[in-house]
Each structure stands twice: as structure tokens, then as C-alpha cells.
Amino acid sequence: MKNNCIFCAIAAGEIPSFKVYEDDVVLAYLDINPFSKGHVLVIPKEHTEGLLDTPDATLAAVVARVKKVAAHIKDALPCDGFNILQNNGEAAGQTVKHVHFHIVPRYGMEPISFENHKGDMDELKALAERIRL
Ligand code: AMP
Ligand code: ZN
């Protein structure tokens, strides 16, 4: 596996994902163990570990895509807001060492725990089709 990295393998199409958006710079797909309905990860295709080793130009391009995907999710799902999360280092809860931005839709004032919940594969498949750009 390239860079021994599961997200590189997803970007290369070696491991399947519930893809939502793709262009030359990024891939966006559903988190398989979501915090909330429509939880999406946006990754640059180029491997870097976290915020600090990612070139500014890449970050700017990725954040523009985060905005694009989040705007689309807000139209496609009945969510009222969303959180953007980006974890750096194990102490911060980073489990995959390929830089990524979480888009976590929020519904009304419903509280959520920022913890993974086992995703239902059929539900994720239908959701990806619903919010794909
Ligand atoms: P972090 O804790 O910020 O490193 O987030 C990593 C996220 O990747 C977690 O929310 C996982 O549920 C998610 N994840 C791990 N493997 C996969 C995968 N194969 N497809 C989609 N999401 C994944
Ligand atoms: Zn990687």
C-alpha cells in the first residue's frame, strides 16, 4: 500500500469508498463510522500527514473544496449547520496519518458526541448517492 496509508489507498481506488466528490486535487467520501448523518472526509490526493507538513497552496485548494462540499451537503440534507474538524497527532485524536478535514452536519440543536458510530453500509451507500456532486 502506497505510503502504508489507507487514505492513499482510497485515493488510488485500491480500497472502495462512498465517494461524494472528486477532482484533480481532492477526494471526498463518507466517514464509515460517522459522528452524524452525512459525515464526510475531504482529503488531498497527495499524501501529507497533517496540517503542518501540508503546503499552503494545497491547504488553500483543499479548504475551497471543503467549502464546496459543505455547501452542497447543506442543500442536499436537512441539516442546519456543520462542524469542520481537523485533528493533528494522536493526542488530538488523529487516527489516520493522512491529512483530512471532517465535515460533520448538525441537525437542529441536537447534541452529538464527537465519537464514531458504526455505519450501516446500505445507509451509507444510499446517502452517498443522495449527496454526490
Ligand atoms: P481522525 O480521527 O481525525 O484521524 O479521523 C479518521 C476518520 O477516518 C475516522 O472518523 C474514521 O471513522 C474514518 N475512517 C477510517 N477508515 C475509513 C475508511 N476506510 N473509509 C472511510 N472512513 C474511514
Ligand atoms: Zn496517505
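The values are calculated or read from the model by the stated rules, or taken from the named source; none is laboratory data. This structure is a prediction, so every number in the text was calculated from the model and none was measured. Positions of Cβ are backbone-derived with ideal geometry, glycine not excepted, and every protein chain shown enters the neighbour counts. For accessibility, only protein heavy atoms count, side chains too; no ligands or nucleic acids. Shrake-Rupley method; radii C 1.70, N 1.55, O 1.52, S 1.80 Å.
Tell me which of these residue 51 doesn't satisfy, since it passes every other one: (1) of a type in the set (A, V, I, L, M); (2) more than 16 Å from ligand 2 (Cβ to nearest atom); (3) closer than 28 Å to residue 2 by Cα.
(2)
What are the pairs with Cβ atoms under 7 angstrom where one residue, in the range 5-19, is farther than 22 Å from residue 50 by Cβ and more than 8 Å from ligand 1 (Cβ to nearest atom) and the other, located anywhere, is open to solvent by less than 30 Å² (accessible area, probe 1.4 Å) and assigned to a helix (DSSP H, G or I)? Sequence gap at least six, or different chains.
From residues that are farther than 22 Å from residue 50 by Cβ and more than 8 Å from ligand 1 (Cβ to nearest atom), the pairs are 19/128.
What's the number of the condition residue 96 fails, among (1) crowded, with 16+ Cβ neighbours inside 10 Å; (2) in a loop (DSSP other than H, G, I, E, B); (3) touching a residue at least 60 places away in the same chain (Cβ under 8 Å)?
Only one criterion is unmet by residue 96, namely (1).
Have a look at 103, 131 and point out the one that is at pLDDT 95 or above, within 14 Å of the chain's Cα centre (by Cα), farther than 28 Å from residue 1 by Cα and of a type in the set (A, V, I, L, M).
131
If residue 77 satisfies all but one of (1) away from ligand 1 (no atom under 16 Å from the Cβ); (2) out of contact with any helix residue (DSSP H, G or I) (no Cβ under 7 Å at 6 or more places or on another chain), what's the number of the condition it fails?
Unmet for residue 77, out of (1) away from ligand 1 (no atom under 16 Å from the Cβ); (2) out of contact with any helix residue (DSSP H, G or I) (no Cβ under 7 Å at 6 or more places or on another chain): (2).
Hey, residue 62 hits all of (1) over 14 Å from residue 30 (Cα atoms); (2) modelled with pLDDT under 95 but one; which does it fall short on?
Every condition holds for residue 62 apart from (2).
Is the range 44-62 home to any residue that is touching a helix residue (DSSP H, G or I) at 6+ places or on another chain (Cβ under 8 Å), under 20 Å from residue 123 (Cα atoms) and of a type outside the set (A, V, I, L, M, F, W, C)?
Looking through the range 44-62, none of the residues is touching a helix residue (DSSP H, G or I) at 6+ places or on another chain (Cβ under 8 Å), under 20 Å from residue 123 (Cα atoms) and of a type outside the set (A, V, I, L, M, F, W, C).
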